[in-house]
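The values are calculated or read from the model by the stated rules, or taken from the named source; none is laboratory data. Please read all numbers here as calculations on a predicted model, not as lab measurements. Counting neighbours? That spans all protein chains shown, and the Cβs are built from the backbone with ideal geometry, glycine included.
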Amino acid sequence: MFSFKNRVALVTGAGSADGIGFATATSLLTAGAQVCITATSERIFERAAALGCMAHIADLTDPAQVADLFTAVSAQLGPVEVLINNAGMAQSGKQVQAVRLAEMLDADWAAHLALNIGTTFHCIRAALPPMQAAGYGRIVNIGSVTGPVVAIDGSSAYATAKAAITGMTRSVALEYGRDGITCNAVLPGWIATASSIKSELRAGQATPAGRPGSPTEVAACAVFLASEAAAYVNGAMLVVDGGNTLTEIKGAF
């Protein structure tokens, strides 16, 4: 049911061995897919060596580099049939600060949007034509509960960009569903990764599950949505947060 034999998959934002992108690529490879992983730094080749898959360096905020990425994947593996848009939030060599909206600089606003929705847009736009030609495609956008479900003080630009991913997901699902293409989103909550700070891990302990989630738990949801078994799931938002956003009253009561 979840075989990806002979399917070509691209996973973005897979530079961290402890991240969601790497975990998703691992699961896809285990299921038989031919996988390319991408990130903005040389470390992606270390990740690819560990997995035994293709790697490509690309800044996905740059449409020209995205076009080169898809050309390279097609030349080595074939046209991308499964796209996992995991890149976002942080990028090597670029810093974005959490500030309230009125104090936000234009450059910081633009950086958040470029990293968290621009990357997704560029990759989906590049993936759609070959998927249409093949009559088959699976697009999974890794978003966040921040934005479409909840908000965090000082993270308005990030929340706006992640909420935009849900809107794009629904639009692509509607516009391309008859072409055999599905587009869904996974919205993680508190997930323990190498980039998690102490306060985020503490927040994970306060969820109904009593712990933060793991990258492999998010990857399992992404792989399901990317599978042939999920053919009738389109435009969905799958929250993976241990039930955290269900809790209306938090703290002492």
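Candidates are the residues of segment 206-253 that are of a type outside the set (Gly, Ala, Ser) and farther than 19 Å from residue 144 by Cβ; the one that is modelled with the lowest pLDDT is 253. If you go through segment 41-58 and pick out every residue that is part of a loop (DSSP other than H, G, I, E, B) and either touching a His at 6+ places or on another chain (Cβ under 8 Å) or crowded, with 20+ Cβ neighbours inside 10 Å (or both), you end up with 2.
The set of residues in segment 200-238 that are small (Gly, Ala, Ser) and either under 13 Å from the mean Cα position of the chain (by Cα) or under 20 Å from residue 23 (Cβ atoms) (or both) comprises 204, 209, 213, 214, 219, 220, 222, 226, 227, 229, 230. Residues that are outside any loop (DSSP other than H, G, I, E, B), of a type in the set (A, V, I, L, M) and under 29 Å from residue 2 (Cα atoms) within segment 194-225 comprise 218, 219, 220, 222, 223, 225, listed in sequence order.
Just wondering, is there one or more residues in segment 157-174 that are within 20 Å of residue 8 (Cα to Cα), surrounded by fewer than 16 Cβ atoms within 10 Å (Cβ to Cβ) and touching a residue at least 12 places away in the same chain (Cβ under 8 Å)? No: zero hits. Every condition in (1) closer than 15 Å to residue 119 by Cα; (2) without any contact (Cβ under 8 Å) to a residue 40 or more places away in the chain is met by residue 141 except one, and the failing one is (2). For segment 1-40: of the residues being within 21 Å of residue 192 (Cα to Cα) and in a loop (DSSP other than H, G, I, E, B), which is nearest to the chain's Cα centre (by Cα)? If we take residues in segment 1-40 being within 21 Å of residue 192 (Cα to Cα) and in a loop (DSSP other than H, G, I, E, B), then 13 is nearest to the chain's Cα centre (by Cα).
For segment 117-132, the criterion of being surrounded by fewer than 22 Cβ atoms within 10 Å (Cβ to Cβ), touching a helix residue (DSSP H, G or I) at 6+ places or on another chain (Cβ under 8 Å), part of a helix (DSSP H, G or I) and among the aromatic types (Phe, Trp, Tyr) is met by at least one residue.
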